[in-house]
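The values are calculated or read from the model by the stated rules, or taken from the named source; none is laboratory data. Because the structure is a prediction, the values reported are computed rather than measured. When we count neighbours, we look across all protein chains shown, and the Cβ atoms used for this are built from the backbone with ideal geometry, even at glycine. Protein only, heavy atoms only, side chains kept; ligands, DNA and RNA dropped before computing areas. Shrake-Rupley method; radii C 1.70, N 1.55, O 1.52, S 1.80 Å.
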Amino acid sequence: MTDTLSVETPALDPTALQPGDGARVRLSRLLDRDSFFELGSQRQHRANQFGLDKRRPDTDGVVAGTGAIGGRPVNVYAQDRRVLGGSLGEAHADKIARTIEQAGRGGVPVVGINDSGGARIQEGVAALDGYGQVFRANVGASGRVPQLALILGPCAGGAVYSPALMDFTVMTDESYMFLTGPRVVKAVTGEDVDARSLGGPEVHGERSGCASFVVDDDEAAFALTRDLLGYLPSSSSAPLPELVPEAPASVDLRDVVPVDGREPYDVRDVIGGIVDGGRFLEVQEHWARNLVVGFARVDGRTVGVVANQAKWLAGVLDLTASEKGARFVRFCDAFGIPLVVMVDVPGFLPGTAQENGGVIRKGAKLLHAFASATVPRVTVVLRKAFGGAYIVMNSRSLGADAVLAWPNAELAVMGAEGAADIIFRRQLDTEPHRRDEMVDSYRADAMHVDLAARRGSVDEIVAPEETRDALVAVLRSLRGARQPAFVHDNLPQ
Ligand code: HXC
């Protein structure tokens, strides 16, 4: 039995379309040419209720199997919205869960294309249990193989919870994700909201943080997936991909970071001036922008970069930045990816909104992620490292393998002005005109990088232009740091 299909693509003859062909076209664009081997193409559901006995399309609305990306094996599935709305019933769920489980067993990444209205309403609890099976498979594979979700259409219900359990979610400009759609929202809460405002790419790329990447269209999502997988090992026990080392972007690092600690700059310019080819794949680029995270290569090998972004909220750490950093660090640790941490942080953002939001709890997540990470981890203090944020950002005391610092760096409990106002309070009451002098004395006696280097909180002071060579040397010396076959899973944010 064949459902009506309408896929506009020159590669297909619309009169000869089979169920799932829309999904097959997508997979063929994602995968290496002719590499796809389909499994379960004839699978059908066994439900009879609400007219389903007259609609038993082959594939049951999801095309699954195995293929290759960049010559490396990968398991894939793609839901087809034109077949029963891409909705997930018992058979559909079983196909997805098996694809994920087999990926975990075989040690290959899994990429899922989601385009689905969620649990198949006609199948009732069988559909819900199907989601339970998929979620369990996601969790079982978590931390063992990379899991990538592409959201290539309107996705609701379980179709968004499975991506949330995976490692990275890519949305396109034409996609939505919501637990419940606009009609249900209206019925339950009375709120009028359109699909884009409820779960469009702006919502998840900028405000909720649920999308790791937002791109224009399907083609861009496939290109990004290939690029991202190029940085990742196939599994937690597989080696990192290794490329020929390349020179960084030609940036004079001495000019990028202003000496005045209050002046902004884009830390991505620093990253570009240090990593191979200046290439940096930023994750969650538009969410919690005060902390930049993403993948790059140093000496031909992948590193995960975590960096305070001075041009956004002065690079302060807050609730969302802590969560963003924590999950990224956990992912890198699970997959043996060394961490390079660039620090220029004035502290944690103070205030009632942060305290009410649980900044203590969320800051602790980042602290925990760094302190427990067993991958090689190197910190570079670019300018300032103050207070709790200094500790959290992979300090020596949290177990960094090496802490490097630039010659103008300052490490202290807080900025010189704030510190002087507190410790010299009595003198300032009587001699307010001496404030500048007191600020300078605190800066010289308590903040200078030499002090931190002498006591071992900083291992070496390096010039900006020497930073890459220093990183290469330290990371090479740590190549033998053993990665257990399985470290831990990748708990959602
Ligand atoms: C069965 C479904 C379906 C579903 C869509 N369809 N969702 N069939 N079960 N969940 C069918 C429609 O009946 C229609 O079939 C076809 O798919 C296309 O749907 P449209 O509504 O015409 O498409 P569109 O306007 O693009 O809207 C897409 C949508 C909307 C926003 C996803 O379909 C929608 O809101 N669907 C219901 C979402 C939902 O509440 N799902 C259950 C979530 S609960 P025909 O035959 O007419 O072409 C869940 C449980 C897990 O998932 C929770 C985990 C925590």
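Scanning region 103-116 for residues that are near the ligand (Cβ under 10 Å from one of its atoms), more than 27 Å from Gln483 (Cβ to Cβ) and either buried (at least 24 other Cβ atoms within 10 Å of the Cβ) or of a type outside the set (D, E, K, R) (or both) turns up at least one hit.
Pull up region 201-231, narrow it to residues that are surrounded by 22 or more Cβ atoms within 10 Å (Cβ to Cβ) and within 16 Å of the ligand (Cβ to nearest atom), then point me to the one that is farthest from Leu31 (Cα to Cα). Checked region 201-231; the qualifying residue farthest from Leu31 (Cα to Cα) is His204.
Where in region 407-450 are the helices (runs of 4 or more DSSP H), entirely inside, with at least 1 residues that are under 25 Å from Val380 (Cα atoms) and free of Cβ contacts under 8 Å to residues at least 12 places away in the same chain?
Values: elements: 416-423, 425-430, 435-442.
Passing ranges, in order: 416-423.
Restricted to region 125-160, and to residues there that are open to solvent by less than 10 Å² (accessible area, probe 1.4 Å) and part of a strand (DSSP E or B), the residue that is nearest to the ligand (Cβ to nearest atom) is Cys155.
Quick check on this structure: which one of Ala195, Ala247, Ala187 is touching a residue at least 40 places away in the same chain (Cβ under 8 Å) and either farther than 30 Å from Pro464 by Cα or not assigned by TED's automatic domain parsing to the domain that holds Lys324 (or both)? Give the derivation first.
Numbers: Ala247 fails: touching a residue at least 40 places away in the same chain (Cβ under 8 Å); Ala187 fails: touching a residue at least 40 places away in the same chain (Cβ under 8 Å).
On inspection, the qualifying residue turns out to be Ala195.
Restricting attention to region 176-192, and to residues there that are under 28 Å from the mean Cα position of the chain (by Cα) and either open to solvent by less than 70 Å² (accessible area, probe 1.4 Å) or of a type in the set (Val, Ile, Thr) (or both), which single residue is nearest to the ligand (Cβ to nearest atom)? Even if it seems obvious, please write down each step before you answer.
The first filter runs over region 176-192 and keeps only residues under 28 Å from the mean Cα position of the chain (by Cα), leaving 176-182.
This time we only want the ones that are either open to solvent by less than 70 Å² (accessible area, probe 1.4 Å) or of a type in the set (Val, Ile, Thr) (or both), so: 176-178, 180-182.
Working: Tyr176: 7, Met177: 10, Phe178: 8, Thr180: 6, Gly181: 3, Pro182: 7 Å.
By that ranking, first place goes to Gly181.
Which is of a type in the set (D, E, K, R) and assigned to a loop (DSSP other than H, G, I, E, B), of Glu202, Glu206, Glu191? Just a single option satisfies the conditions, and that option is Glu191.
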